[in-house]
1. Which cross-chain or sequence-distant (5 or more) residues have an amide H under 5 Å from the amide H of T469, H modelled 1.01 Å from N in plane?
2. How much mean residue ellipticity at 222 nm does the chain get from its helices, if each DSSP H run of length 4 or more adds -39500 (n - 2.57) and you divide by all residues, to the nearest 500 deg cm²/dmol?
3. Which whole-number percent is the relative contact order of the chain (Cα, under 8 Å, 6+ apart)?
4. Looking at the square roots a ≥ b ≥ c of the eigenvalues of the Cα gyration tensor of region 53-205, which shape do they give, rounded for a/c under 1.5, prolate if a/b is larger than b/c, or oblate?
5. What per residue convex hull volume, in Å³, comes out for region 207-248 when only alpha-carbon positions are used?
6. For region 23-34, just list the computed ³J(HN,Hα) in residue order, Karplus coefficients 6.51, -1.76 and 1.60, θ = phi - 60°, integers in Hz, with x standing in for Gly and Pro.
7. Determine the equivalent ellipsoid of region 1-90 by diagonalising the alpha-carbon gyration tensor, then write out the semi-axes as square roots of 5 times the eigenvalues, largest first, rounded to whole Å.
8. Treating the beta-carbon of each Lys and Arg as +1 and of each Asp and Glu as -1, no other charges, what is the dipole magnitude of the chain about its Cα centre, to the nearest 20 debye?
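The values are calculated or read from the model by the stated rules, or taken from the named source; none is laboratory data. Note that the coordinates shown come from a computational prediction; the quantities given were computed from them, not determined experimentally. Here the Cβ positions follow ideal geometry from the backbone for every residue, glycine too, while neighbour counts run over all protein chains shown. Protein only, heavy atoms only, side chains kept; ligands, DNA and RNA dropped before computing areas. Shrake-Rupley method; radii C 1.70, N 1.55, O 1.52, S 1.80 Å.
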Amino acid sequence: MNNIAHTDYLRLLEPWVKPFREYCYSPAARQDLLCYGTGYNGWGMQTHQKAFAALAVLAADSRTDSSRTGMTREDMLDTALRMLRFTLESHLEGSYRCEDGTSWGHTWISVLGAERMMHGVEAIEEHLTAADRELLRKVLVSESNWLMDHYEVVGHPLNESRQNKPESNLWNGSMLHRTAALYPDTPRAEEYKEKGTRFLVNSISVASDALSSAVLDGRPVSEWFVGDNFFEESYALNHHGYLNVGYMVICLSNAAMLHFSFKRLGVAPPEALYHHVKELWDTVKPMLFPDGRLIRIGGDTRVRYCYCQDYLLPSLMLAADLFGDEDCPALEAGWLRQVETEMAANGDGTYLSARCADLKRASPLYYTRLESDRAVTLSYGAYWRRLFAGLSATGPKEGYKPAVPYAWEDAYHGACLVKGKRRIASWAWRAAEGPQGLCLPADGSDLAEWRYNLAGRIQGTGAFNSYQTESHGHRSFHGGFVTWGKALACSEELLAEQQSRDVLAVSQTAFAALPDDCTVVGLQYAKTVHRSYITSVRGLLLHVPNDVFNGSRRTYRYGETEAVLEGAGGAEQQMGRNLQDGRDQQIDTGSRWLNVDGKLGVVQAYGSAPLILHRPGRRQIGIKHRHQSDTLGMLYADEICSSFQDEMRDVPPDTVLVDTGFAVLAGCGPQETRELAEGGGCKAVAITAGAPVTAATTSVGGAAAATENALRAVTVQGADGQRYLLAANFGGGQAAAAVTLGGAAAGLRDLATLEEIGPFGGEFTLQLAPGEARLYVVKGPG
């Protein structure tokens with residue numbers, strides 16, 4: 001039974017108090033105050049505020065076990081009060097400053113920390129002095145007045161507009177309504193409510209709101225509307241410039257904070273607080289694994305299993321309370337188990353000390369920020385579940401079972417998602433570190449990593465390497481999709497003067513999720529643009545996380561080999577030996593197939609070499625756009641590759657770097673994987689072109705040449721017994737492509753357009769536009 005009690009949260013908060021004290025101190029000039037973390041303005045202050053709230057909730061709860069915290073509740077209360085006073089006194093309205101010499105406040109984001117800490121203020125409210133209450137009022141009114149007079153409500157669906165403000169509109173609108181509710185006698189209370197509502201309506205906003213006659217807080221939505229931050233119908237979010245599932249959750253979490261504060265006050269919240277919250281929740285919920293981990297189909301730029309993931313907890317409690325969603329307790333319980341797993345691996349009461357050890361040394365601010373995110377989100381559960389007995393605490397006995405089949409897509413991001421009982425498959429062209437795809441068992445959250453997954457990766461000599469999507473298209477059908485596109489592999493921040501950015505290669509991909517609830521098929525083709533210095537090439541590139549969340553051990557089977565390999569945090573490391581002594585390791589499998597843990601299979605249809613299992617000598621999945629992003633990692637992943645290069649090469653123009661086709665099978669054991677590979681169920685097929693595309697003179701996977709055939713096709717036997725053909729035109733002109741499938745093929749049916757194609761002279765003729773891919777089911781005789 002997935003029962004959730006507030007004490008479940010307390011048990012995960014209590015051990016954190018001991019390591020929390022390592023970062024807690026009194027400023028030299030104000031021994032009456034206490035600070036956590038750097039004490040700097042910005043994220044330093046918000047880190048402090050979140051830590052305060054977590055400690056305040058513990059101090060206020062009679063069930064807190066002092067033997068586990070290492071502090072009495074009285075000491076924790078004194079610490080929390082002194083921390084709150086540091087927050088208030090270092091504000092522009094206070095008498096002190098932050099530890100970097102500045103005072104915080106009066107920015108677009110300054111009330112975020114205040115919003116996230118207010119339940120902590122509520123928890124110890126009875127212990128505040130008159131001076132505390134007066135300064136708190138001054139701070140909140142000051143922030144609210146600044147929002148009234150100096151900050152404009154804006155909205156736009158694209159991040160590049162610099163007006164995509166869904167989450168900040170929500171927290172700023174919430175602060176205005178909060179201040180009005182707490183201090184109704186303040187002269188501008190009604191003004192706060194009006195602008196607060198405008199902020200809220202323009203948080204989870206879509207284009208049709210501009211014409212909506214639905215009434216919120218006394219006016220039609222159209223009169224409140226300023227701009228749309230989400231895409232119509234899909235509710236996709238382009239925050240930070242990519243399909244950002246995480247910030248969809250952040251919006252929900254901020255709605256939860258005001259929802260439960262107003263519930264405690266017994267005050268009706270503004271109707272605008274819930275504007276499109278149900279639609280957004282209905283979009284986010286299918287993007288969750290059964291254990292509560294986010295399925296970030298658009299990827300992540302930050303530390304995995306952190307931040308946005310943490311703020312799912314308040315979002316789940318909101319959905320349970322507001323919509324009566326009975327699945328939320330099981331999702332909560334699943335995430336709490338993962339938190340507990342990592343804490344046990346750390347062994348010191350922290351949430352992240354082992355996985356983020358390098359980050360802790362490189363940036364105490366960032367490390368304490370992440371620790372406080374986890375602490376404060378756990379404190380919401382500890383506080384709200386204690387306060388509101390009616391908050392649903394019991395889920396289905398068997399846990400969360402997603403509603404399947406499920407399909408979702410968004411045209412702007414080139415994103416598709418299908419979920420079934422057996423498989424999760426997705427692709428996104430406009431991703432954080434993409435393009436990227438997924439093919440995972442439906443319950444395989446520990447197998448999920450996003451960065452360039454299934455898209456390959458090419459890197460040069462610059463400090464920062466990325467892909468820039470140039471074009472993409474897709475078609476969906478029941479149970480699957482096919483997508484295609486082109487991206488530029490770019491290397492930036494090069495050492496030499498006058499060399500700022502180098503376009504290394506054009507990378508083209510075709511990717512299809514078969515309607516068999518098991519298989520995806522991928523074709524990758526990349527060529528250099530001009531003479532380039534290439535430092536790294538990964539074809540295929542399936543990341544297999546091997547860290548604390550899977551017990552730091554993976555079993556790989558390929559050919560006649562079974563290899564049990566330790567990952568980061570595994571027994572080898574605990575005995576004092578680093579992964580391969582810090583050196584990368586490449587295992588040549590000598591095989592076209594490989595299986596992971598008896599539940600994920602990979603089969604190579606064509607390529608220049610057998611599959612390579614690359615084992616980095618360190619955690620390599622780190623923070624995007626940060627120095628040493630590959631060496632300052634916070635998650636370890638093995639890498640399954642086709643083509644592989646890890647030394648710098650001087651490569652001539654028009655050289656093919658990646659030319660591979662493959663299938664990935666979810667929920668598939670080693671025997672099924674082997675049979676598909678060795679029984680001819682996944683293979684390249686002959687495909688040639690008539691005018692105007694140059695006729696083929698090289699075979700699939702052959703070396704680049706002036707007369708190279710850039711058409712590729714594979715057939716794959718699906719788990720449903722059907723045979724499928726994926727064909728792509730990676731050339732520059734329209735192609736009438738001729739495919740030979742043998743006498744067993746009586747016809748083809750395009751799964752997206754339903755076009756039927758019959759053989760002529762033993763061949764099938766396919767019409768493929770430049771860069772386009774199509775997926776067909778192969779019809780047998782009769």
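1. Amide H neighbours of T469: L488.
2. Roughly -9000 deg cm²/dmol at 222 nm, from the helical runs in the chain.
3. 9 percent
4. Prolate shape, in that a/c is at least 1.5 and a/b is the bigger ratio.
5. Taking the convex hull of the Cα positions in region 207-248, it is 79 Å³ per residue.
6. Result, ordered by residue: 10, 10, 7, 9, x, 4, 8, 9, 5, 7, 10, 9 Hz.
7. Sorted largest first and rounded, they come to 25, 14, 11 Å.
8. 620 debye
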